[in-house]
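The structure under discussion appears below in the form of structure tokens.
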Amino acid sequence: MPSAFKKALDSGKFVVTSEVAPSKGTNLEKMAHHVELLKDKVDAMNVTDHQSSVMRFPSLGGALLVKENGGEPILQMTCRDRNRLALQADLMFAASRGINNVLCLTGDSVMLGDHKEAKAVFDLDSSQLVAAVRTMERGKDMAGNELDGAVKFCAGAIVTPEANPIEPQLIKFEKKIEAGAEFIQTQAVYDLDNFKKFMDYARQFDAKILAGVILLTSAGMARFMNKNVAGVMVPQNLIDEMAAAPKGGALKKGIEIAGRMIAQIKEEQICDGVHIMAIGKEEVVPDIMSAAGLL
Amino acid sequence: MIRSITQQKPMEEIEHLLEGMDRIFVIGCGTCTTLTRTGGVEQVAAMAEDLSARGKVLTGTTVVPVACDNLAADILSEFGARMNQADALLVMSCAYGVQTMASQLGQMVVPAQNTLFIGKENAAGQFNEICTQCGTCVIGETGGICPVTTCHKGLVNGPCGGTNNGKCEIDSNKDCAWTMIYNRLKELDRLDSMRTYKKPRNHLGEPGPGKFLIPAE
Ligand code: SF4
Ligand code: SF4
């Protein structure tokens with residue numbers, strides 16, 4: 001049976017996903033609170049996998065928590081920390097517990113996180129992980145052995161539409177789709193005219209595209225991302241708009257901008273939905289959705 | 001030309017490794033660590049001075065021509081007495097030389113260096129790691145640039161999301177391997193090679209530790 005998220009993607013409706021960040025520690029209250037807050041509003045929730053290589057509660061555990069609390073989880077899986085045995089094992093575990101959406105990522109360098117001396121794995125890459133999911137759906141493991149019970153996933157991957165140079169990125173994007181990615185979440189996009197050009201190209205492929213929307217919380221944060229986050233380009237006019245917000249009003253302004261962008265994406269049917277990343281501010285996702293006219 | 005690239009360990013670590021060993025004989029190498037200025041004549045002299053200042057007794061110093069050569073032990077035999085007086089040999093070659101000494105001399109050896117990688121000199125004084133001897137060479141499909149080594153994550157299907165203006169996510173001074181590979185293949189009009197999906201890598205080239213015997217004629 002297709003997952004609820006898969007059904008939403010196939011229904012043709014404007015799909016909205018968000019994120020829950022697993023806790024640093026075993027106190028899961030905050031996560032559970034965010035699940036409660038968002039589960040009836042969004043179509044699915046990504047559970048991040050040691051995001052930015054910072055060690056946290058596992059995405060698999062977080063996805064279970066979403067499931068147990070009535071939400072629809074998208075299990076993020078990176079290739080940074082597990083070899084192909086461990087990744088396949090975790091896919092089987094997830095499938096056996098009703099977690100049937102997976103986002104396949106390469107993963108950040110261990111050096112960017114809080115355990116810099118750890119051994120990085122990268123036995124597989126994101127496209128090979130997508131391919132592994134498909135292989136396991138056919139009832140085989142990666143070595144070609146029979147599985148007693150296959151898996152079933154709606155599998156996705158990511159793309160950075162504003163990467164420079166763009167062509168190597170697009171070659172990888174096409175490989176992910178070829179490997180079986182059904183949906184693609186994008187890195188944050190702010191310049192919708194640029195994004196439309198990307199979509200003109202991406203439309204030819206049989207994959208649903210969810211535009212990444214990162215909530216801006218201050219002009220400084222926007223400038224920081226421009227300088228430090230690969231493939232993220234906040235245009236000057238948005239930075240100016242954030243900077244002009246009255247003291248204490250930056251978050252409100254960020255919500256307004258995110259809402260406005262989402263409304264435009266939906267209105268102009270630029271792509272199939274959005275993936276909202278309100279990093280550390282999951283509380284305001286419903287406000288962003290309201291600002292976009294989605295609630 | 002390939003060279004073993006080394007970096008001297010912090011003196012605190014060397015001191016810790018030499019704890020309880022008062023008399024030291026220092027051995028440098030006339031090949032790689034001379035070239036990289038981490039274990040040549042000057043560095044050996046500086047090390048001897050530093051150790052003396054830290055209260056060690058230097059029983060002698062020398063720089064052998066090639067520390068990883070099995071002949072190194074013969075060459076060192078002229079220092080036999082002075083080496084025997086030492087509690088430890090502090091070796092300022094790469095780890096190949098240190099292990100050669102350890103296996104031949106029957107004395108406690110302590111490395112003064114961290115061996116970083118086998119580097120190729122690309123420009124005067126600039127070395128790059130371009131092969132990690134993975135045992136299943138894939139560069140026939142990547143325009144002769146090694147993604148296993150040159151890509152920080154060893155990715156074989158194209159760039160990760162961290163690639164930024166042609167640089168790697170871990171260091172804006174490091175070229176992204178996949179921008180390099182893309183440019184090279186484009187030049188050669190062989191981008192199809194990059195478009196082809198590569199299966200997960202085979203890590204079973206030569207199970208470590210690698211071992212090779214020249215077949216008898
Ligand atoms: S793929 Fe890279 S690491 Fe492996 S043998 Fe070839 S050049 Fe060396
Ligand atoms: S930025 Fe380029 S070289 Fe660095 S890990 Fe990613 S793909 Fe590899």
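Within the stretch A:109-164, the set of residues being among the acidic types (Asp, Glu) and more than 16 Å from ligand 1 (Cβ to nearest atom) comprises A:114, A:117, A:137, A:141, A:146, A:148, A:162.
Only a single criterion out of (1) over 30 Å from residue A:51 (Cα atoms); (2) outside any loop (DSSP other than H, G, I, E, B); (3) more than 12 Å from ligand 1 (Cβ to nearest atom); (4) free of Cβ contacts under 8 Å to residues at least 60 places away in the same chain is not satisfied by residue B:140, namely (3).
For every residue, the table says whether it meets (1) at pLDDT below 95; (2) over 27 Å from residue B:48 (Cα atoms); (3) in contact with a strand residue (DSSP E or B) (Cβ under 7 Å, 6 or more places away or on another chain).
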site	(1), (2), (3)
B:86	no, no, yes
B:92	no, no, yes
B:95	no, no, yes
B:99	no, no, no
B:111	no, no, yes
B:132	no, yes, no
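Sort out which residues of the stretch B:155-179 are assigned to a strand (DSSP E or B), over 20 Å from the mean Cα position of the chain (by Cα) and within 8 Å of ligand 2 (Cβ to nearest atom), and write them in order of number. B:164, B:167, B:168, B:175 - these are the residues of the stretch B:155-179 that are assigned to a strand (DSSP E or B), over 20 Å from the mean Cα position of the chain (by Cα) and within 8 Å of ligand 2 (Cβ to nearest atom). Return yes when residue B:153 is basic (Lys, Arg), within 16 Å of ligand 1 (Cβ to nearest atom) and closer than 25 Å to residue A:175 by Cα and no when it is not. For residue B:153, the condition - basic (Lys, Arg), within 16 Å of ligand 1 (Cβ to nearest atom) and closer than 25 Å to residue A:175 by Cα - is met. If I filter the stretch B:139-154 for residues that are open to solvent by 20 Å² or more (accessible area, probe 1.4 Å), more than 14 Å from ligand 2 (Cβ to nearest atom), under 23 Å from residue B:200 (Cα atoms) and among the β-branched types (Val, Ile, Thr), do I get at least one hit? Yes: the stretch B:139-154 contains one or more residues that are open to solvent by 20 Å² or more (accessible area, probe 1.4 Å), more than 14 Å from ligand 2 (Cβ to nearest atom), under 23 Å from residue B:200 (Cα atoms) and among the β-branched types (Val, Ile, Thr).
Of all residues in the stretch B:115-129, none satisfies being in contact (Cβ under 8 Å) with a residue 60 or more places away in the chain, within 14 Å of chain A (Cβ to nearest Cβ), within 16 Å of ligand 1 (Cβ to nearest atom) and out of contact with any His (no Cβ under 7 Å at 6 or more places or on another chain). If the condition is being closer than 30 Å to residue B:179 by Cβ, part of a loop (DSSP other than H, G, I, E, B) and either at pLDDT 95 or above or open to solvent by less than 10 Å² (accessible area, probe 1.4 Å) (or both), then the stretch A:259-285 contributes A:270, A:271, A:272. Based on what the data block shows, is residue B:198 at the interface with chain A (Cβ under 9 Å from one of its Cβ atoms) and touching a residue at least 60 places away in the same chain (Cβ under 8 Å)? When the stated conditions are applied, residue B:198 passes them. Filtering the stretch A:152-195 to residues that are away from every other protein chain (no Cβ under 12 Å) and either without any contact (Cβ under 8 Å) to a residue 24 or more places away in the chain or open to solvent by 10 Å² or more (accessible area, probe 1.4 Å) (or both) leaves A:152, A:182, A:190, A:191, A:192, A:193, A:194. Residue pairs whose Cβ atoms lie under 6 Å apart, sitting 6 or more positions apart in sequence or on different chains, and linking a residue in the stretch B:177-189 that is more than 12 Å from residue B:146 (Cα to Cα) to a partner that is more than 13 Å from ligand 2 (Cβ to nearest atom) and part of a helix (DSSP H, G or I), are B:185/B:193. With the structure loaded, tell me whether residue B:129 is within 15 Å of ligand 2 (Cβ to nearest atom), within 26 Å of residue A:80 (Cβ to Cβ) and open to solvent by 50 Å² or more (accessible area, probe 1.4 Å) or whether it fails that test. The answer is yes for residue B:129.
The values are calculated or read from the model by the stated rules, or taken from the named source; none is laboratory data. In this text the structure is predicted, and so the values were computed from the model without any measurement. So basically every Cβ, Gly included, is an ideal-geometry build from the backbone, and we count neighbours across all protein chains shown. Just so you know, the surface numbers come from the protein's heavy atoms only, side chains and all, with ligands and any DNA or RNA stripped out. Shrake-Rupley method; radii C 1.70, N 1.55, O 1.52, S 1.80 Å.
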